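Participant: Input: one structure, supplied below.
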């Protein structure tokens, strides 16, 4: 009798849950958004830990892997973790040192060109003072009281806007810094205790899932992890290739700021397909301060290079690293970018590779 009631009870609970979700959708969505905002530092920390773990695992394979010394074994995780974060920080500092000085130089050149332009504008205004007579009264005098009142009101309104923007900027900066600090600390805790955390999660899943469901879930998670790890490695390899190709092409065509723009485009190319265009915009601005014609030619060059990279290099490098044919890499990037933007591009390729591998294994098993 109890078995006969289980099916209807489950169906009734699902229908009641759907009714609550539809009826209280706005409140539930607001509550979910609040929960996601509160958990954002932890989510970012998990992403950071996953990325750093790839580098840390590589260092652990190099750090006296055959040693049985307890001191070496106990120090392996902290030392490799420290080396991983130090490597990432050193990479960021290197890229900033390559980009920032030349960026400051280009802005300085732009400001140097701006000063003569303002001087010529001042001369033009002085030569056309007769056209400004409307600012004065008909008898040639100025209503200084009205002018002063308008000036004070304008300055006060502008000051209020500036102060409001400044407060918002400071608040956003503090919030971002707090989120970053908490995320890094959480990632360190995850990496230091990843084996223990993995055992605990496995124990919970074994306790509450049937053996068949547990084995399927573990198989899916292992496949997903392998695809994501290979995707990250392939994406970094592709970014280095694109940066070197861009630098080489700029040197060949004698564009200015070749090393800086190549490093910038290689860094932004970590965002699939569209990332290089972000770096290209900054690079075109910097080249524009030297030569507008070369800036236009650079945009043509980077557009051609990006088409070659997106349709030939990217599917081959990233697709081969994750075992996904190039046509499906291109399809996944296109669909993921259209649905979720940049985040969709980052998630679509490894997810597509995971489902492709699972489908291929299942077809091979069924036809064996």
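Participant: From 299, 346, 351, which residue is crowded, with 18+ Cβ neighbours inside 10 Å and either assigned by TED's automatic domain parsing to the domain that holds residue 220 or modelled with pLDDT of 75 or more (or both)?
Facilitator: One residue alone meets the criteria, 346.
Participant: Among the residues of the range 108-128, are any outside the structural domain of residue 186 (by TED's automatic domain parsing), modelled with pLDDT under 70 and either under 27 Å from residue 267 (Cβ atoms) or not in a helix (DSSP H, G or I) (or both)?
Facilitator: Yes, some residue in the range 108-128 is outside the structural domain of residue 186 (by TED's automatic domain parsing), modelled with pLDDT under 70 and either under 27 Å from residue 267 (Cβ atoms) or not in a helix (DSSP H, G or I) (or both).
Participant: Condition test on residue 197, is it in contact (Cβ under 8 Å) with a residue 12 or more places away in the chain, surrounded by 10 or more Cβ atoms within 10 Å (Cβ to Cβ) and either assigned by TED's automatic domain parsing to the domain that holds residue 85 or under 18 Å from the mean Cα position of the chain (by Cα) (or both)?
Facilitator: no
Participant: Could you check residue 25 against (1) more than 37 Å from the chain's Cα centre (by Cα); (2) loosely packed, with under 11 Cβ neighbours inside 10 Å and say which number it fails?
Facilitator: Every condition holds for residue 25 apart from (1).
Participant: Among the residues of the range 248-291, write down those that are out of contact with any helix residue (DSSP H, G or I) (no Cβ under 7 Å at 6 or more places or on another chain) and either crowded, with 18+ Cβ neighbours inside 10 Å or at pLDDT 85 or above (or both).
Facilitator: 248, 252, 254
The values are calculated or read from the model by the stated rules, or taken from the named source; none is laboratory data. Computed from a predicted model, the values in this text were never measured in an experiment. Cβ: placed from backbone, ideal geometry, glycine included. Neighbour counts: every protein chain shown.
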